[in-house]
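This report concerns only the one structure given below.
The values are calculated or read from the model by the stated rules, or taken from the named source; none is laboratory data. This is a predicted model, so every value here is computed, not measured. With ideal geometry, Cβ positions are generated from the backbone for all residues, glycine too; neighbour counts draw on all protein chains shown. For the accessible areas, the whole protein counts, side chains as well, though only heavy atoms, and no ligand, DNA or RNA atoms are used. Shrake-Rupley method; radii C 1.70, N 1.55, O 1.52, S 1.80 Å.
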Amino acid sequence: MNEKPGLSIGGAVVVRPVTSYREMGIFIDIPWRIYADDPMWVPPLRLERRLHFSRFNPFFKHGEWQAWIAYRNNQPVGRICAQIDQLHRQRYGEDTGHFGSLEGIDDTGVFAALLHAAEEWLTARHTRHVSGPFNLSINQECGILVEGFDTPPMVMMPHSRVWYGRLLEEQGYQPLRDLLAYWAEVDYKMPRLMNTVIERFSGQVRLRTLRRDKFGEEMEILRDIFNDAWSENWGFVPFTKAEFAELGSSLRLLVPDEFIQIAEVDGHPAAFMVGLPNLNEIFAELNGSLFPLGWIRMIKHLKSRGVRTGRIPLMGVRKQFQSSPIGMALAIMVIDAPRQAALSKGIQAVELSWILEDNKAMRAILDYLGCRQYKRYRIFGKTL
């Protein structure tokens with residue numbers, strides 16, 4: 001693992017499919033090689049990655065996949081996966097497919113061989129339009145980082161090497177959509193215009209936190225709002241009940257009740273927001289392992305220091321309220337509601353991600369609040 005990832009090594013590239021438990025371990029470990037000299041990279045938890053790529057991931061109830069590893073001189077130098085998502089095909093056509101989990105050294109031959117393997121597999125399954133990276137769907141980690149390499153990623157967000165976009169374009173891939181991440185200081189001052197909008201609808205809108213004693217019902221409310229709010233966005237694929245339940249299991253353990261806000265209009269759930277403590281602050285110290293002492297270190301960190309940053313990964317306003325004054329009020333209110341709770345827990349700043357670049361309404365709200373765009377991720381596509 002001492003190889004410098006930016007250097008090419010002589011010898012032919014051999015790409016092999018992942019077919020065993022041991023090979024999956026190599027597949028999971030490749031980022032440690034690729035990011036060995038990148039201080040911004042945060043190692044994922046190996047156990048979590050094992051579960052993510054296992055049959056227990058509810059994605060595989062509607063999707064299939066294959067993973068590959070690229071070797072040179074019998075040393076792993078890259079990886080990729082390809083997947084078919086039946087929910088995506090139902091919405092966008094039977095000729096769509098995706099790639100993901102792309103990592104590799106700065107070498108055209110490595111990327112060419114990996115993408116060729118993925119494309120062959122996809123073509124055999126009648127794919128004509130391929131896009132990615134999705135790890136494994138648009139509702140999980142997605143995109144190549146193209147701006148913002150000087151800061152570490154937030155929890156459940158990807159990181160990339162600077163050469164990924166260039167090498168993808170060399171293989172005929174073109175940008176499809178850009179996804180943006182915004183940075184916000186938690187102690188911001190609410191602009192007068194925003195206060196006016198909130199006051200106008202304060203009698204109609206009621207904010208509440210998560211009802212933990214009805215957790216299953218609450219998760220279904222959030223899923224219903226999200227699937228409605230995002231249904232016309234580019235690339236949207238609905239969360240299944242099983243996928244959102246899995247997400248809910250993580251939220252139940254990690255997220256304080258006040259970090260989940262639900263806005264009701266005339267008594268009916270109309271918008272929501274989920275905030276996460278940025279556990280990457282802790283994961284950065286664990287080097288991918290919870291054993292033998294990782295659990296203890298994580299608990300000590302949370303109790304003694306907490307975390308200083310957070311992320312808002314999920315937010316939605318029902319379609320019927322979008323592009324209207326009350327829709328703006330709903331968005332502002334669910335974003336602003338957990339501020340005092342966050343400050344009391346020592347959180348100083350949050351990332352709002354990701355936001356589609358062409359989502360002008362949401363970007364305008366974030367600009368009004370004084371948030372700044374600080375990272376950009378890109379989805380690439382190709383016609384086979």
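Per-structure values
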quantity	calculated
Ellipticity estimate at 222 nm from DSSP helix runs (n ≥ 4, -39,500 (n - 2.57)) divided over the chain, nearest 500	-10000 deg cm²/dmol
List LYS241, LYS382, ordered by accessible area with a 1.4 Å probe, largest first	LYS241, LYS382
Debye log10 I(q)/I(0) at q = 0.12, 0.13 Å⁻¹ for the stretch 1-155, Cα point scatterers	-0.52, -0.61
Solvent-accessible surface ranking, highest first, for SER344, SER202 at 1.4 angstrom	SER344, SER202
Cα principal axis extents for the stretch 79-238, largest first, Å	60, 38, 29
Projected label distance in nm at THR108 and GLU23, using a 7 Å step from Cα toward the beta-carbon	2.9
Choice from MET24, MET190, MET219 showing the highest fluctuation, given a GNM over the chain with Cα pairs closer than 10 Å	MET190
Most fluctuating residue given options LEU176, LEU330, LEU366, as computed from a GNM of the chain linking Cα atoms under 10 Å	LEU176
Probe 1.4 Å, protein heavy atoms only - accessible area per residue of the stretch 136-176 in square angstrom	38
Two-decimal log10 I(q)/I(0) for the stretch 170-254, as the Debye equation yields it once each C-alpha is a single scatterer, q = 0.21, 0.24 Å⁻¹	-1.16, -1.14
In the stretch 219-256, the chymotrypsin sites (Phe, Trp or Tyr not before Pro) that fall in loop regions by DSSP, at most 15 other Cβ within 10 Å	TRP234
Accessible carbon and sulfur surface of the chain relative to its total accessible area, %, 1.4 Å	53
Heavy-atom SASA rank of HIS159, HIS116 (probe 1.4 Å, accessible area, largest first)	HIS116, HIS159
Share of alpha-carbon pairs per 10 Å distance bin for the chain, given as whole %	5, 22, 32, 25, 12, 3, 0
Principal axis box of the stretch 115-179, alpha-carbon based, largest edge first, Å	39, 26, 19
Choice from GLY132, GLY11, GLY63 with maximal GNM fluctuation in the chain (Cα, 10 Å cutoff)	GLY11
Too-long pairs where the Cα-Cα distance tops 25 Å, listed order kept, from LYS241/LYS319; LYS214/LYS375; LYS61/LYS375; LYS214/LYS241; LYS214/LYS360; LYS189/LYS360	LYS214/LYS375; LYS61/LYS375; LYS214/LYS360
